[in-house]
Structure formats: C-alpha cells, structure tokens
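A quick write-up on the structure given underneath.
What follows is calculated from the coordinates using simple rules that are stated; it is not laboratory data. Keep in mind that this is a model prediction, so the values were computed, not measured. Cβ atoms come from the backbone with ideal geometry, glycine included; neighbour counts cover every protein chain shown.
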Amino acid sequence: MSPAATAAVRSAYLVKGDDPSLVAQQAHALVDRLVGDGDPSLMVEEYGSPSADQVDVGAVIDACTTPPFLVERRVVVLRDAGQLSAADGKRLSAYLDDPLPTTVLVVVAGGGTVPAALSKQVGAVGEVLDSSVGRTDRQRSQWLADHLKGAAVRLDARATARLADHLGGDMGRLSGLLGTLASAYGQGATVTVEELEPFLGEAGSVAPWDLTDAVDAGDATGALSVLHRMLGASGSHPLVVMGTLHRHYRQMLRLDGSGISSPEAAAEALGLKSPYPAKKALAQSRRLGTAGVARAIRLLADADLDVRGATSLPGEVVLEVLVARLSRLARPVRS
C-alpha cells in the first residue's frame, strides 16, 4: 500500500514515474482510495488517452467546477497529461488557485512531459506521487520491501530475494504476481521460495548499468547473467548492448590522463548532470589505467566489427566473449 493510501484527501494529485505500468497501477490505487465505498460511475470522470490527438482542457475544467450529485465528491482523472500544451497547463493551474472543495483532480503523467506550471501547482496545493523504483539495487530493494508490506501474501526472506532478482527492472509485474500467489495460497499466506518458483515465468529486464557494474567488478558470471537478460527479457539488440559498453568505456577514455580528480569535474567533462555515474567512470578509469582502458577499447572495436558481420558467429556469442574478456580485464592482478 502506498503512502497515499492513508493520507488525507487533497485537492489534486500528480502521479508520475518512469514505468507506465507502475504509473497506471498507482493511479488506479489512488482513485480506488478516493472513491472508497462510493459509486465510481457517479464519482469518477476520465479524460485523455494515448490515442487522443489532444485533451479538451475546457471539458476537464468544467468537470472540476461541477458540484457532485448524490455523492460526496467528484474525482476527475486526467490521463496522459504529457499531451497538454504549456497554455493548457496554465489553465489548469489557474483552476487550482481556487479549486472546488468537493472535487479531486488526479493528473496522470504519460504521453510526454507534464507542463511545469501544472506540476508545480499540484505540488503546492496537493501531492505528487512518484511510482519510480529507483536506479540502484538498494533503491529497488527498498521499493520492493515497501510494496510487500501491505501485500495479500507474505514472502519469506529467501523468496523475497529470489523475487527481487527475478523481476529486475520489471517491477510492474509485482502486483499481478502477488494477486496470483494470493489466489493460489490464500490471503495472508507465507510463501516460500519453493512455492514462489512455479509462478515466476520469464526473468524480468535489467538496467544497462547492471551490466557495466558487473563488468567493472570483474564478475564475469554476474555480467553474463545480466547480458542474457538484456538480450532476452529486455529485448535489447546486440548493437544496443554494444552501444552501452561503448559509452561506458568512452567515458573512461576521456578521463584517462585528464588530471581530473573530482566527480563534479568529471561530470562536467563528460556532459553528465549527475556526478554519481561520473564518479564510477573516474574510479574505473584509474583502476584499469591507461593500458587497461586502451585494451578495452581495442576489444570493443573488434567486437563491433564482429557483431556487424565480420565473423559468422551470432551477435549474442560475440557479446558473451566480449563481456567475459572485459570482466577479466577488470579483475585485480594477483601478486
């Protein structure tokens, strides 16, 4: 259950995130909470869709300013708010300067970027709900733990760890899987890893930095596992994976011998907004040294030609060999 589930009702909400399925799930849960035991056919009006050319903001504002009939509140849901123009965003912001107390406006991100004026105004008078899982393993683990707390079933420690590894970046599958487990084992049941396994299906996708982090750590086994999931569940083409590795080592090449010592300076040199990935590139560049970075670039160049047809080997096999060699290159030399 999200934090919004126990919060007081506000005049407006913005539901955003980087996974459309998680955004949709959080918006659905929010609307369910706002409706409660009421009749959604009388309380809820929805506007906007991915197939619509534009949103009729005038109709949205009319709905927001219409008092509810036979129910305590009206819930106006505006989906794919990224389709709104800046002018439309300002019109809705103006409404929120003095919103009708019996109306709740739910703005659901999607279809582009939500106008800044609208995002700011919703934050001022209401609440912004971010469904994003996060980029790091720690953030993903925390997100999963938070969403398992109010689940219909309980997972023991081994099952939780197995689920986190299996889902990877596809946390949008969590809700459906928990519902299936509840149907199979009953509400409130404790599920073990052995009971979980038959319901997992195909492994979920992983983020590109999971691959580069494993390679940088010299973990060939882990890197190959991530590679297979990128090519499988994530559906990444071998050239896309090559692009990820090229960018990673190109950053190290730019930092090698530059004299840059701080993550902030590295981020500026690489054109990155955050110093966090620049810090990792700087550390790995130092760890490999000039000779190591040069060797990695040569391996990438040869593999790039092979993926494009210089060899009869499938692209997946070329990448497996490349990832294994790059991982070995990153291992510390034993004296």
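Quick check on the range 3-130: take the gyration tensor over C-alpha atoms, sort the square-rooted eigenvalues as a ≥ b ≥ c, and tell me if it's rounded (a/c under 1.5), prolate or oblate. Judged from the Cα gyration tensor, the range 3-130 comes out rounded (a/c under 1.5). Quick one: angle between helix 238-255 and the longest Cα principal axis of the chain, in degrees between 0 and 90, rounded to 10, please. Rounded to the nearest ten degrees, it is 70.
Between Arg250 and Ala145, what length comes free when the chain is fully extended (0.36 nm per residue of separation minus the Cα-Cα distance, one decimal in nm)?
Values: separation 105, 0.36 × 105 = 37.80 nm, distance 3.61 nm.
Full-extension gain reported as 34.2 nm.
So what's the range 259-318 giving for Cα Rg divided by 2.2 N^0.38 Å, two decimals?
Compared with the compact-globule rule of thumb, the range 259-318 sits at 1.48.
Where in the range 60-95 does the amide nitrogen come within less than 19 Å of the point 7 Å from the Cα of Leu42, taken along Cα to Cβ? Taking a point 7 Å out along Cα→Cβ of Leu42, the residues of the range 60-95 whose backbone N falls under 19 Å are 63-77. Label-to-label distance for Asp56 and Ala161 is 5.6 nm, based on points extended 7 Å past Cα in the beta-carbon direction. Give the angle, between 0 and 90 degrees and rounded to the nearest 10, that separates the Cα long axis of helix 86-96 from the longest principal axis of the Cα atoms of the chain. Between the helix axis and the principal axis of the chain, the angle is about 50 degrees.
Distance between the 7 Å Cα→Cβ label points at Leu313 and Arg135: 3.2 nm.
Using Cα atoms only, what is the angle between the long axis of helix 315-330 and the major principal axis of the chain, expressed in degrees (0 to 90) to the nearest 10? On a 0 to 90 degree scale, this one is about 70.
About its Cα centre, how strong a charge dipole does the range 3-130 have in debye, to the nearest 20, once Lys and Arg get +1 and Asp and Glu get -1 at the Cβ? Write out the running numbers ahead of the final one.
Numbers: 9 positive and 17 negative charges, 59 e Å.
So the magnitude is around 280 debye.
Extending 7 Å from the Cα toward the beta-carbon at both Arg154 and Ser261 defines two label points whose distance is 5.3 nm.
For a Förster distance of 45 Å, can you work out the FRET efficiency between the beta-carbons of Asp97 and Val240, rounded to the nearest 0.05? Each step should come with its number before you reach the end.
On the way: r = 46 Å, r/R0 = 1.01.
Calculated value: 0.50.
In order along the range 115-129, the Karplus-derived 3J(HN,Hα) couplings, from 6.51 cos²θ - 1.76 cosθ + 1.60 at θ = phi - 60°, round to x, 4, 4, 5, 4, 5, 5, 4, x, 6, 9, x, 8, 9, 10 Hz, and Gly and Pro are given as x. Backbone amide hydrogens, once placed in the peptide plane, bring Ala151 within less than 5 Å of nothing, excluding anything fewer than 5 places away on its chain. Based on alpha carbons, the Rg and Dmax found for the chain are 24.4, 80 Å. Within the P(r) computed for the range 137-199, what percentage of the Cα pairs occupies the region above 15 Å? Value for the range 137-199: 44 percent of Cα pairs lie more than 15 Å apart. The Cα atoms of the range 182-325 give a gyration tensor whose axes a ≥ b ≥ c have a/c of 1.5 or more with a/b no greater than b/c, which makes the shape oblate. Rounded, prolate or oblate: which fits the range 65-222 when a ≥ b ≥ c are the square roots of the eigenvalues of the alpha-carbon gyration tensor, with rounded for a/c under 1.5 and prolate only if a/b beats b/c? Cα axes put the range 65-222 in the oblate bin. Taken about its Cα centre, the chain carries a charge dipole of about 1540 debye when Lys and Arg each add +1 at the Cβ and Asp and Glu each add -1 at the Cβ. Here the contact order of the chain, divided by its residue count and restricted to Cα pairs under 8 Å and six or more residues apart, works out to 14 percent.
Helix-only estimate, please: 222 nm mean residue ellipticity of the chain, summing -39500 (n - 2.57) across DSSP H runs of length 4 or more and dividing by its residues, to the nearest 500.
Working: 15 runs with 183 residues, N = 335.
Helix-only estimate at 222 nm: -17000 deg cm²/dmol.
For Asp156, Asp256, what ranking results if the residue with the fewest other Cβ atoms within 10 Å of its Cβ goes first?
Details: Asp156 14, Asp256 19.
By the 10 Å Cβ count, ascending: Asp156, Asp256.
For the pairs Lys16/Lys273; Lys90/Lys280; Lys90/Lys149; Lys120/Lys273; Lys16/Lys149, flag any whose C-alpha to C-alpha distance is greater than 32 Å. Don't jump to the answer; show the numbers that get you there.
On the way: Lys16/Lys273 21 Å; Lys90/Lys280 40 Å; Lys90/Lys149 38 Å; Lys120/Lys273 22 Å; Lys16/Lys149 22 Å.
Beyond 32 Å between Cα atoms: Lys90/Lys280; Lys90/Lys149.
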